[in-house]
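Here the structure is laid out as structure tokens; the discussion comes afterwards.
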């Protein structure tokens, strides 16, 4: 892994996680969440936020006890050399797959909404250029990019407000009309969009102020929660529940209603800028995977693994041109994996570490 | 080295901008109005208005028509008749003839509109009380460009409370929402002009159920709280001293709804407090002295009109106001039993409506 000497400011740390979280999820969230939880999905979101924050807490707790050590070092210290390396390999596989899933889903969305007849491979190539340039940089540069993305896309969420003109506030009632079960059912759907905070594992050793590490996770999660609840409530008010269940990307559909005298079909502009947001998600996960490979094979820096991964991604895109349906199936299954990695793993790790500490204490 | 690298990169970027696949404006046919009609053979006849960018032609619009099975097929059939590539992203108005609305459900026809991301969903939807072709072929006095004419007609008609304003997106909402039924504007050629004639109400399945005239449309908009104040309203009051035509502007008006459920029926208590400014009064009344009397007479009239409207809606089992949303929000348990067919349940509901009119002022004369 890269040397811990590179410093990341608190702000950069927050935005890095926050913008990694905001990926494809926010586009489909109202649809998935309504299917599971109806109009009370925002309560599930709140619960999801709590779980995500608790998960982040466990992560930071473990990392805190191994100051100066990278993710790799911490894993080996807690789990032992070989188990640690195996788990790291799992993380590499997971993050690399995340890159692939996000990338191909994004390509599919662009194809359906903007570039109808564009070759998938070309789109993959075009998307990977900025991702490649970014992921091979030092972490500091990536942190600055996250800040840039934050400022550059600041105007996007308020656009959704335009649709409030035709909102039906009554759609939000009754709160929890079908009881508790749908809300609990919606938690799974609301856990996935919070994923991205697990990059804290990677970022922790590089933080300028490590005491504020947990606060950073909390801040990033809360910022994302705000966006998600905002988007969910607006689309619930704007659409009928039937519509929300049938529109694949309700958030984009919301923007379709935005018409100004000088521009129609605003969702296209929105989606074009959205690519910038997604590059942050992609490059963060790509960097995670590349750093993992770097410490697994013990290479000098993470640039070579990045090239390797990019070539792999293009290779996959060459052979496999997923349709939207296939992509949905894959990402549906992959969601379970990511919940395991992002939520169950930190808890297990923390338990492992606690057990070890207690065993040591008993020995003494 | 660095310079060459960035040069190559720039070149790639310039080459990859996608200009090879561009669409020239004057080589494309932008369709602005689509009219849907049916004849006795149950065929669908489509009329499309296409913008003409050719400098030498006199009119700015070209009319195309053809017989098709579906809206998407129209793209091929009409596209064959036009010089350019057929594009529906700039659609402004979708006209549907009354006879088609009476015969068939609308949603299956409009599937392509909502499925195809390129379709503009902000186009206005309007019914037309004549053959669509006649309306679109006609030469109308007021405006040279029909698209602009119809669009403005509906927009101003809506602003002066004569009709609803329904975009395709709104229509999709109203058809898919269980607690509401659709309402679209209606236009009709009158002499050498086109006029807004009111509102067309559709039932849950999207067939025509009821037509509201302009006055009823105003009351409907009031119940929907979709009005732009002030709203002017004219009615006749019948007092002991004689009849009198009164026009007034509503300065403040808002419908408030309370719901309940008893005896197996939904109950809606609607209160509509209105603050009015008298604009015209031609009877044997003295405004300043008889203010209380006129207020109560006006209240009677307006309340009566509201009751008639609600009665009509209930008789035809339509709920364009969206009382179903209230029922769902506050009487969820009972709502779940009737959600499949809210229109019928609304038809049996007890609706009690109370209007109160308070006269604020009566102009510059007593």
Problem set entry | Breaking point among (1) modelled with pLDDT under 85; (2) within 14 Å of chain B (Cβ to nearest Cβ); (3) touching a helix residue (DSSP H, G or I) at 6+ places or on another chain (Cβ under 6 Å), for residue A:271 | (1)
For this session: Being part of a strand (DSSP E or B) and assigned by TED's automatic domain parsing to the domain that holds residue B:286 narrows it down to one of B:187, B:194, B:237, so name that one.
Result: B:237
Exercise. For the stretch B:335-366, what are the residues that are surrounded by fewer than 18 Cβ atoms within 10 Å (Cβ to Cβ) and farther than 30 Å from residue B:281 by Cβ?
Worked result: B:336, B:337, B:339, B:340, B:341, B:344, B:347, B:348, B:350
For this session: Return yes when residue A:162 is within 14 Å of chain B (Cβ to nearest Cβ), touching a residue at least 40 places away in the same chain (Cβ under 8 Å), assigned to a helix (DSSP H, G or I) and in contact with a helix residue (DSSP H, G or I) (Cβ under 9 Å, 6 or more places away or on another chain) and no when it is not.
Result: yes
Exercise. Quick check: is even one residue across the stretch A:72-82 touching a strand residue (DSSP E or B) at 6+ places or on another chain (Cβ under 8 Å) and crowded, with 20+ Cβ neighbours inside 10 Å?
Worked result: no
Seminar exercise, completed: Checked the stretch B:314-328 for anything out of contact with any strand residue (DSSP E or B) (no Cβ under 7 Å at 6 or more places or on another chain), part of a helix (DSSP H, G or I) and touching a residue at least 40 places away in the same chain (Cβ under 8 Å); matches are B:324, B:325, B:328
Problem set entry | strands (runs of 3 or more DSSP E) lying entirely in the stretch B:4-109 (those with 3 or more residues that are at pLDDT 85 or above and touching a strand residue (DSSP E or B) at 6+ places or on another chain (Cβ under 6 Å)) | B:28-38, B:93-97
For this session: Could you grab me the full set of residues in the stretch B:71-91 that are closer than 17 Å to residue B:133 by Cα and surrounded by fewer than 20 Cβ atoms within 10 Å (Cβ to Cβ)?
Result: B:77, B:81
Exercise. Is it true that residue B:335 is more than 22 Å from residue B:233 (Cβ to Cβ), within 14 Å of chain A (Cβ to nearest Cβ) and over 22 Å from the mean Cα position of the chain (by Cα)?
Worked result: yes
Exercise. Within 14 Å of chain A (Cβ to nearest Cβ), in contact (Cβ under 8 Å) with a residue 12 or more places away in the chain and either more than 20 Å from residue B:188 (Cβ to Cβ) or surrounded by fewer than 19 Cβ atoms within 10 Å (Cβ to Cβ) (or both): does that describe residue B:64?
Worked result: no
Exercise. Do we have any residue at all in the stretch A:195-206 that's closer than 29 Å to residue A:45 by Cβ, outside any helix (DSSP H, G or I) and more than 14 Å from chain B (Cβ to nearest Cβ)?
Worked result: yes
Seminar exercise, completed: Restricting the stretch B:139-180 to residues that are assigned to a loop (DSSP other than H, G, I, E, B), in contact with a helix residue (DSSP H, G or I) (Cβ under 6 Å, 6 or more places away or on another chain) and within 14 Å of chain A (Cβ to nearest Cβ), the one surrounded by the most Cβ atoms within 10 Å (Cβ to Cβ) turns out to be B:179
For this session: May I ask you to verify whether residue A:245 is assigned to a helix (DSSP H, G or I) and within 14 Å of chain B (Cβ to nearest Cβ)?
Result: yes
Exercise. What number of residues within the stretch A:30-53 are buried (at least 19 other Cβ atoms within 10 Å of the Cβ) and free of Cβ contacts under 8 Å to residues at least 12 places away in the same chain?
Worked result: 0
Exercise. Is it the case that the stretch A:243-250 has a residue that's out of contact with any helix residue (DSSP H, G or I) (no Cβ under 7 Å at 6 or more places or on another chain) and surrounded by fewer than 22 Cβ atoms within 10 Å (Cβ to Cβ)?
Worked result: yes
Seminar exercise, completed: Given the conditions (1) at pLDDT 85 or above; (2) surrounded by 13 or more Cβ atoms within 10 Å (Cβ to Cβ); (3) under 29 Å from residue A:15 (Cβ atoms), every one holds for residue A:316 apart from (3)
For this session: Please state which of the following conditions residue A:174 fails to meet, knowing it meets all the rest: (1) within 14 Å of another protein chain (Cβ to nearest Cβ); (2) more than 20 Å from the chain's Cα centre (by Cα); (3) under 24 Å from residue A:272 (Cα atoms).
Result: (3)
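The values are calculated or read from the model by the stated rules, or taken from the named source; none is laboratory data. Nothing here was measured: the structure is a model prediction, and the numbers come from that model. All Cβ positions, glycine included, derive from the backbone under ideal geometry; neighbour counts span all protein chains shown.
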